[in-house]
Amino acid sequence: MNSIELISAFSGTDASHYKSLFTFSEGNEIVDIEIYAIGNNDANAQYSGKWEIWKQTHIILKLITADGYEGISGVTSYNVGSFSDACLIELKSIASELCLLRTIDPVSIGLILAQIRPELSDLAKSSIDIALWDLLAKRANTSLASMLGAKRNSIKTYASLPCYESLSDYNDAVKRYAKMNYKVFKFHVWGDLNKDTLLVNFINKEFKNSDYRFMIDLESTYSLGEVVKLARIMDQNLFIFIEAPIDDCLLQQYRELRGMLDIPIIPDGFDDYSAEFINQGIREKSWDAGRFDVTIAGGISESLKLMILANEANLPIEFQSWGYTLVQLANLHLMLACERSQYFETPTPINVYKFAMKSGILFDQGFVFNPKQPGLGIEVDWDLLATADYYKKG
């Protein structure tokens, strides 16, 4: 299908009124491309006590058309030890071919890229696809969520906390973000049953009579038996999700966990997110909700296809959106276009991920809102990018 057909199939409404925007002309051809790789040390994060600290390289792509429109996107490369320009180099290698294309339709371009550059990474595909959708929504003078058939204008959000060194660090973080009106929190934990048990017991006691709610992300470091032991001490009035309890490929064990536990189970979704994988998880009844990141799974086009599968099976999707603001926004727009996702993930420390953005995601009283500007809904301070700890322009 083409992009118009894809929007229609996803939203359930006829999107043919957008057809002219997806039709190629000399005015909307891509004439210039800019690529940036930036990284800041204050965004370094540890997601499990069993893992090393990850450096996050933010790759920003800008597509410029003959008539002056700009489509932008941001994706994240995770590396241990140093920042990486691998995705920048990959995008740079295909820039001239993008400028030669005689279509502006993201789905059609995806099919062409699959033929001429089958080795292109999902990260690079996501970068190109999201920038194209941003460009087209700007042409329509509407938010991307609205173009996709937005079902709502806002969604609840939670503060997603990295792995800390001590119980007091977790406690301080909850209290700090609670002052900002967050009421839901996700913990990335140590991956050690004894230490994580102490944390769960602490939460059970410290927040027993509060209106706060918690998720716990085990980053696939546990065995099935360990998950059961930890889950059975969780206060079910406080804990609302267990994420990535075991390796994502263990779909039958996920189904067993669901049968043994009352707390909802969701996968990691970072490495396994294909249509085949999601269909298999649906058949096995492995999860209470699926999970993936738009900026990793191939962009808006591929994510819409995955959402069609999930919607047909009545499977909610709880999106990842850890990363800089452009990464968050790509996921936010798809969340607003579907009604089954419950929460938007806000990575912390919050200000760290707003780097070089002229405006942030609209937040109020525990909700994030559909941006008022067209497209992804944000402007980049291009000059400020050069002040990052790591900076490279392609």
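The values are calculated or read from the model by the stated rules, or taken from the named source; none is laboratory data. Predicted model only: the values in this text are computed from it and were never measured. Note: ideal-geometry Cβ built from the backbone for every residue, glycine included; neighbour counts use all protein chains shown.
General remarks:
- The residue that is nearest to the chain's Cα centre (by Cα), among those in region 107-151 that are farther than 22 Å from Phe369 by Cβ, assigned to a helix (DSSP H, G or I) and basic (Lys, Arg), is Lys125.
- Search result, residues across region 225-236 that are of a type outside the set (Asp, Glu) and surrounded by 15 or more Cβ atoms within 10 Å (Cβ to Cβ): Val227, Val228, Leu230, Ala231, Met234
- Scanning region 28-60 for residues that are within 20 Å of Leu135 (Cα to Cα) and β-branched (Val, Ile, Thr) gives Ile30, Val31, Ile33, Ile35, Ile59, Ile60.
- Every pair of residues 6+ apart whose Cβ atoms lie under 8 Å, when the first sits in region 193-219 and is in the same structural domain as Ala244 (by TED's automatic domain parsing) while the second is surrounded by fewer than 16 Cβ atoms within 10 Å (Cβ to Cβ) and hydroxyl-bearing (Ser, Thr, Tyr): none
- Checklist (1) under 30 Å from Phe214 (Cβ atoms); (2) among the small types (Gly, Ala, Ser); (3) touching a helix residue (DSSP H, G or I) at 6+ places or on another chain (Cβ under 8 Å) applied to Ser48, failing item: (3)
- Number of positions in region 139-192 that are surrounded by fewer than 19 Cβ atoms within 10 Å (Cβ to Cβ), of a type outside the set (A, V, I, L, M, F, W, C) and either farther than 30 Å from Ile72 by Cα or free of Cβ contacts under 8 Å to residues at least 40 places away in the same chain (or both): 12
- Here Leu309 meets the list (1) in contact (Cβ under 8 Å) with a residue 12 or more places away in the chain; (2) within 17 Å of the chain's Cα centre (by Cα) almost entirely, failing just condition (2).
- Counted residues, region 271-298 - those being out of contact with any Leu (no Cβ under 8 Å at 6 or more places or on another chain) and either buried (at least 23 other Cβ atoms within 10 Å of the Cβ) or not in a helix (DSSP H, G or I) (or both): 8
- Among the candidates Asn314, Asn331, residue that is out of contact with any strand residue (DSSP E or B) (no Cβ under 7 Å at 6 or more places or on another chain), in a loop (DSSP other than H, G, I, E, B) and not charged (D, E, K, R): Asn314
- Selection status of Glu26, in a loop (DSSP other than H, G, I, E, B) and more than 23 Å from the chain's Cα centre (by Cα): yes
- Of all residues in region 306-340 being charged (D, E, K, R) and modelled with pLDDT of 95 or more, the one that is surrounded by the most Cβ atoms within 10 Å (Cβ to Cβ): Glu318
- Filtered residues of region 51-91 (kept if assigned to a helix (DSSP H, G or I) and surrounded by fewer than 17 Cβ atoms within 10 Å (Cβ to Cβ)): Ala86, Ile89
- Selection status of Tyr343, crowded, with 18+ Cβ neighbours inside 10 Å, closer than 21 Å to Ile60 by Cα and not hydrophobic (A, V, I, L, M, F, W, C): no
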